[in-house]
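Comments concern the structure below.
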Ligand code: UDP
Ligand code: MG
């Protein structure tokens, strides 16, 4: 009995510290939304894996969220999973958009911190280290923004994004840096707060600012896509921009009221002129101005109604309480 207890002590001395270290390891979850990224799956996995070989003090998981890809993205992910560790996947029934994909990943991720990045390698995996370092320094949100426009952003997209951030900053209360990216680390408390918002079509760049917490911005230089093509066409970008602005501000509604007021006032001024010209028998010359006025106010009415309609539509969609995404299959249980 003496020998067994001695043995027991030895066993404990070896196993318990190891287990404790294992359970004390902090865990980092990496979310990669993917839409038709078949060329990039294995490559980005290898890069991230190599990165974590140098960060052995962390446990990590990588979650691919297949946002309704129509190429071989999903089968390649499954193939990579059979050969490598640390990987999970969620696959949507159709395309629900990148932010919804991120939301699905946040819902399943179990890390103490969560990194979101693009899967096309425009967000260089080696920059992960700095995110983790700053998170360890106590920042609860650390995100990268484009330091300068470079050859990898076209003139149109440069103009688009400049204009978008200008408008966004003027008419909403969240101020976004020009070139703010979706490459970021979030503490698990921030993730909890974001998941609690239950917002339809979340715009995370704005929502993350909105929830607060200690935030740090770091500059980076995006590089060229590794494989495939960008899936954002101008039409989609306009839709996203309108969604982001109307999600964060009701100022356009106020604007509608002001514009309506100014032009009603102008038209009131116009009435005495119309009466005066009638009295002076020059009324027939007014035909042009009538047409112009009708056309102008008709357009104005449509614009104001359109703005109101946008918000009404949002309320309508949200009131239906539809899920933000539908999962077809996943290896989470
Ligand atoms: N993406 C997605 N759903 C979409 C559009 C894009 O999951 O509806 C993913 C895409 O696979 C990539 C990331 O979001 O990992 C960034 O997309 P992309 O490179 O097309 O955007 P860009 O770099 O041109 O802004
Ligand atoms: Mg890209």
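Annotations
- Out of 49, 36, 95, sole residue that is more than 19 Å from residue 191 (Cβ to Cβ), without any contact (Cβ under 8 Å) to a residue 40 or more places away in the chain and either surrounded by fewer than 24 Cβ atoms within 10 Å (Cβ to Cβ) or within 16 Å of ligand 2 (Cβ to nearest atom) (or both): 49
- Residue match in the range 233-253 (condition: within 16 Å of ligand 2 (Cβ to nearest atom), out of contact with any helix residue (DSSP H, G or I) (no Cβ under 9 Å at 6 or more places or on another chain) and outside any helix (DSSP H, G or I)): yes
- Filtering the range 79-88 for residues that are within 13 Å of ligand 1 (Cβ to nearest atom) and in contact with a strand residue (DSSP E or B) (Cβ under 8 Å, 6 or more places away or on another chain) leaves an empty set.
- Complete set of residues in the range 104-113 that are outside any loop (DSSP other than H, G, I, E, B) and buried (at least 23 other Cβ atoms within 10 Å of the Cβ): 104, 105, 106, 113
- Restricting the range 202-228 to residues that are within 16 Å of ligand 1 (Cβ to nearest atom), surrounded by 18 or more Cβ atoms within 10 Å (Cβ to Cβ) and under 18 Å from residue 131 (Cα atoms) leaves a set whose member that is modelled with the lowest pLDDT is 222.
- Qualifying residue in the range 210-219 (condition: within 19 Å of residue 164 (Cα to Cα) and assigned to a helix (DSSP H, G or I)): yes
- Which numbered condition residue 281 misses (of (1) at pLDDT 75 or above; (2) at positive phi): (1)
- Contact map, the range 305-318: residues that are without any contact (Cβ under 8 Å) to a residue 60 or more places away in the chain paired with residues that are surrounded by 14 or more Cβ atoms within 10 Å (Cβ to Cβ) and part of a helix (DSSP H, G or I), Cβ distance under 7 Å, separation 6+ or inter-chain. Pairs shown: 307/252; 307/253; 307/256; 308/253; 308/256.
- If you go through the range 197-211 and keep only what is in contact (Cβ under 8 Å) with a residue 12 or more places away in the chain and out of contact with any strand residue (DSSP E or B) (no Cβ under 9 Å at 6 or more places or on another chain), you end up with 197, 199, 200, 201, 202, 203, 206, 207, 210.
- Restricting the range 114-130 to residues that are surrounded by fewer than 24 Cβ atoms within 10 Å (Cβ to Cβ) and more than 14 Å from ligand 1 (Cβ to nearest atom) leaves a set whose member that is nearest to residue 200 (Cα to Cα) is 128.
- Among the candidates 278, 233, 251, 239, the residue that is within 16 Å of ligand 1 (Cβ to nearest atom) and surrounded by 10 or more Cβ atoms within 10 Å (Cβ to Cβ) is uniquely 239.
- Pick from the range 181-201, criterion at pLDDT below 90 and surrounded by 14 or more Cβ atoms within 10 Å (Cβ to Cβ), ranking: nearest to ligand 2 (Cβ to nearest atom): 181
- Qualifying positions in the range 220-232 - out of contact with any helix residue (DSSP H, G or I) (no Cβ under 7 Å at 6 or more places or on another chain) and either assigned to a strand (DSSP E or B) or farther than 22 Å from residue 175 by Cα (or both): 223, 224, 225, 227, 228, 229, 230, 231, 232
- Only one of 176, 163, 194, 186 that is free of Cβ contacts under 8 Å to residues at least 12 places away in the same chain and either within 14 Å of the chain's Cα centre (by Cα) or on the phi < 0 side of the Ramachandran plot (or both): 163
- The requirement of being within 16 Å of ligand 2 (Cβ to nearest atom) and surrounded by fewer than 21 Cβ atoms within 10 Å (Cβ to Cβ) is satisfied by residue 43.
The values are calculated or read from the model by the stated rules, or taken from the named source; none is laboratory data. Keep in mind the model is a prediction, meaning the values are calculated, not measured. No Cβ is skipped: glycine too gets one built from the backbone with ideal geometry, and neighbour counts run over all protein chains shown.
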